[in-house]
């Protein structure tokens with residue numbers, strides 16, 4: 001799950017174990033695909049982003065017209081101060097779902113699709129860079145993400161194609177995700193590509209500071225003494241729960257907060273299970289995973305509904321967490337979507353689980 005940066009006077013190469021690219025790049029020799037993301041040299045071009053397969057995409061200068069596949073990559077660019085370069089997005093953020101001024105900026109970005117951007121629209125968008133959040137699953141069109149352009153079609157359209165390390169092939173990684181190094185690597189590499197390395201460094205430093213404080217506060221708690229934790233994805237449906245497994249960034253968030261994901265033994269990102277599986281785990285804490293509705297009142301209503309469902313359903317009302325009122329109201333996006341707010345969520349969960357220890 002880690003990423004390595006190789007620097008030289010001629011180029012800065014940002015390697016990523018989780019940047020699942022499958023086509024069209026020059027194969028990098030000597031890429032290890034592991035290690036920590038390091039600081040990059042601001043303004044140092046050319047910059048080459050290396051994916052987990054060893055292929056690299058080189059930038060001679062900062063891209064001027066960027067299209068993002070969804071709200072997560074869009075938000076990262078906005079936080080980096082590169083939002084003025086974004087000319088379109090798929091899966092746009094709902095109004096009011098991004099914090100502060102980011103929301104107003106996001107609403108100005110052209111929506112190319114409410115879901116996956118159609119192939120023809122993407123290739124004809126005029127973009128010089130497409131930032132992809134979705135896995136290729138071994139082939140450009142094989143991940144359930146529609147008829148995606150091939151590497152040759154991207155090249156013919158003049159569009160460079162890169163992936164977010166923390167999401168694009170997390171489900172295919174060889175080990176559980178237990179830290180935010182891949183998220184930090186995404187921020188670092190996007191900062192290098194867009195010429196915003198100074199801001200990227202600030203964002204990563206802020207995340208590390210929060211995580212470090214939590215680790216210091218809860219580090220003395222033995223692993224087997226840490227509370228067990230279940231992320232209840234209410235919006236994914238209640239008939240058959242969809243659980244977050246050990247390749248999902250939520251597993252890292254839960255682990256860093258000093259808890260034990262009850263489905264950490266599940267290899268992958270998500271998996272559907274039965275309520276009998278949740279009952280067997282009988283978690284100490286349950287997070288009410290509700291997606292942002294765009295307003296405090298709407299969010300409260302959704303959290304109320306999720307809590308009431310757990311308390312009234314015969315299969316769940318006897319769970320330890322439900323009986324003891326250990327139900328956390330923390331949004332889905334900041335937990336399951338890779339981004340700066342993952343660190344905030346670690347802090348928020350830790351404060352609830354370790355009252356008085358985390359400031």
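The residues on offer are 216, 201, and the sole one that is without any contact (Cβ under 8 Å) to a residue 60 or more places away in the chain and outside any strand (DSSP E or B) is 216. Scanning the stretch 327-359 for residues being touching a residue at least 60 places away in the same chain (Cβ under 8 Å) and assigned to a loop (DSSP other than H, G, I, E, B) gives a total of 9. Scanning the stretch 120-134 for residues that are touching a helix residue (DSSP H, G or I) at 6+ places or on another chain (Cβ under 8 Å) and assigned to a helix (DSSP H, G or I) gives a single hit, 123.
Within the stretch 182-229, the set of residues being under 21 Å from the mean Cα position of the chain (by Cα), under 20 Å from residue 260 (Cβ atoms) and either outside the structural domain of residue 279 (by TED's automatic domain parsing) or surrounded by fewer than 24 Cβ atoms within 10 Å (Cβ to Cβ) (or both) comprises 211, 214, 215. Residues being more than 29 Å from residue 180 (Cα to Cα) and at pLDDT below 95 are represented in the stretch 315-329 by at least one member.
Taking the stretch 87-107 as the range and being outside any strand (DSSP E or B) and within 25 Å of residue 59 (Cβ to Cβ) as the test, the residues that pass are 90, 91, 102, 105, 106. All conditions in (1) surrounded by 19 or more Cβ atoms within 10 Å (Cβ to Cβ); (2) within 26 Å of the chain's Cα centre (by Cα); (3) farther than 30 Å from residue 200 by Cβ hold for residue 345, with the sole exception of (3).
In this structure, residue 356 does satisfy being within 30 Å of residue 184 (Cα to Cα) and surrounded by fewer than 19 Cβ atoms within 10 Å (Cβ to Cβ). When the stretch 235-258 is limited to residues that are closer than 20 Å to residue 320 by Cβ and over 19 Å from the mean Cα position of the chain (by Cα), the one that is surrounded by the most Cβ atoms within 10 Å (Cβ to Cβ) turns out to be 258.
Can you find a residue in the stretch 28-41 that is in contact with a helix residue (DSSP H, G or I) (Cβ under 8 Å, 6 or more places away or on another chain), modelled with pLDDT of 65 or more and more than 22 Å from residue 173 (Cα to Cα)? No: zero hits.
All told, residue 274 falls short of being surrounded by fewer than 19 Cβ atoms within 10 Å (Cβ to Cβ), in contact (Cβ under 8 Å) with a residue 40 or more places away in the chain and over 17 Å from the mean Cα position of the chain (by Cα).
The values are calculated or read from the model by the stated rules, or taken from the named source; none is laboratory data. This is a predicted model, so every value here is computed, not measured. Note that we place each Cβ from the backbone using ideal geometry, even for glycine, and neighbour counts take in every protein chain shown.
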